[in-house]
Amino acid sequence: MSAPDPSTVRHAGPWTHRDVSANGIRLHVAELGAGPAVLLLHGFGEFWWAWHHQLRALADAGYRVVAVDLRGYGDSDKPPRGYDGWTLAGDVAGLVRALGERRAHLVGHAWGGLLAWSVAALHPRVVASVSVVGGAHPLALRSAIRRTWWRRRGQAGAMNHLLRFQVPMVPERRLVADDSAEIERLLRSWSGGAWPAQPEFAEVARRFRHAMQVPGVAHSALEYYRWAFRSQFRGDGRRFAEAVADRVSMPVLQLHGDADPCVLPETARDSAPWRGPGSRVEWLRGVGHFPHLEAPEQTTKLLTDFLQNA
């Protein structure tokens, strides 16, 4: 079976699909609504459609909601380089400006949350607030992994895929093998107990597996992890850590499942020193790593309440 064309991720709905040039690349976005801008940033193995619930609900609440395929994903460009924290943050800041907005509320899941927090530190003028769903501050995550690395338990054990992903070529092959069955396996293992039994799970898994089959996506998705790991031993990683080390100036919402087996709840709690004034933490009982998909109504309500007061 031939690999799918990137345009096949442009699923129909009430939103509008378009391309936006930002930071030297083309980014595909799905947009809905009018009002203050909310930019939705997906996590590993996902694409813009991960936010289909929030696109509709936040638009109904009076926001201009934009869900983007991050660099290397979906129908966005997949250049060979640029998967470092500096460039990825520049993509998001450039996208806010290219959309004609002075500032936007950033909402990110997992990797998207790390990126949102990084943009707030590196490009604060374009950020109105930060909402991190199933994620942690980059330095909190790094510290938690380092503390537990020697015994491969705790946060290091929860993210043992970080080390597996450093091997050349093999992880790419695994991500696309058997119609990207590995993506569904990760969805199941990182979710709370109830979600895989719910009717929508099969549809989410099918769409994520299809999006991973788009040429170039598997390699690009892994490059995020490879830079994050290798930069710890290089000067650019030390400079990045210094650049994001200060507490951000805007409010942060951390929305986390108390059953998250990937980014552990204690790692999320350790992000407190980097949260700006007026920040909040909300815990979702029995929810795993994907609150926006496992508990969409609860997640959207908490997001909307936060945005209205941010």
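Laid out as a table, the results:
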read-out: Förster radius 51 Å - calculated FRET efficiency between Q298 and R26, Cβ distance, rounded to 0.05; value: 0.90
read-out: Signed unit charges on C-beta, dipole axis of the chain, positive-most listed residue G33, L115, H105; value: L115
read-out: FRET efficiency for Q308 and A98, using Cβ-Cβ distance with R0 set to 22 Å, rounded to 0.05; value: 0.25
read-out: For the chain, calculated [θ]222 nm from helices alone, where every DSSP H run of n ≥ 4 adds -39500 (n - 2.57); value: -13000 deg cm²/dmol
read-out: E242/S2 FRET efficiency (R0 51 Å; Cβ-Cβ; nearest 0.05); value: 0.65
read-out: Mean Cα-pair separation over length for the stretch 202-302, i.e. relative contact order, pairs under 8 Å, 6 or more apart, %; value: 24
read-out: Whole-number Å³ per residue for the convex hull built on Cα positions in the chain; value: 121
read-out: Residues whose placed amide H lies under 5 Å from that of R26, excluding near-sequence neighbours; value: D77
read-out: Gaussian network model of the chain, Cα within-10 Å springs - most flexible of V92, V167, V65; value: V167
read-out: Leading residue at positive end of dipole, the chain (Cβ point charges), from S143, W15, A194; value: S143
read-out: Separation in nanometres of the label points that stand 7 Å from Cα toward Cβ, at T87 and A34; value: 3.8
read-out: Over the stretch 100-257: Rg over Rh, Cα atoms, Kirkwood Rh; value: 0.98
read-out: Accessible carbon and sulfur surface of the stretch 154-231 relative to its total accessible area, %, 1.4 Å; value: 60
read-out: The chain, relative contact order [Cα under 8 Å, separation at least 6], %; value: 20
read-out: Rounded Å value of the spacing that divides the Cα centres of the stretch 83-119 and the stretch 211-231; value: 18
read-out: Global form of the stretch 169-310, assessed from the alpha-carbon gyration tensor, a/c cut-off 1.5; value: oblate
read-out: Probe 1.4 Å, accessible area per residue of the chain, Å²; value: 40
read-out: Amide H within-cut-off set for S131, under 5 Å, with H built and near neighbours excluded; value: L106, V107, G108, L253
read-out: Residue-wise HN-Hα coupling along the stretch 83-94, computed from phi with Karplus coefficients 6.51, -1.76, 1.60 (Hz; x: Gly, Pro); value: 9, 8, x, 4, 5, 5, 5, x, 4, 5, 4, x
read-out: Whole-number percent relative contact order across the stretch 158-255, with pairs defined as alpha carbons under 8 Å at least 6 apart; value: 30
read-out: Cα centroid separation, the stretch 153-200 to the stretch 6-73 (Å); value: 24
read-out: Cα-centred dipole magnitude for the chain, charges only on beta-carbon of K, R (+1) and D, E (-1), debye, nearest 20; value: 960
read-out: Pairwise label distance in nanometres, E203 with N160, each label 7 Å out on the Cα-Cβ vector; value: 3.5
read-out: Accessible-area composition of the stretch 1-151, carbon plus sulfur, in percent [1.4 Å probe]; value: 51
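The values are calculated or read from the model by the stated rules, or taken from the named source; none is laboratory data. These numbers come from a predicted model, not from an experiment. Every residue, glycine as well, gets a Cβ built from its backbone with ideal geometry; the counts of neighbours run over all protein chains shown. Each accessible area value is taken on the protein alone, full model and side chains, heavy atoms only, with ligands, DNA and RNA left out. Shrake-Rupley method; radii C 1.70, N 1.55, O 1.52, S 1.80 Å.
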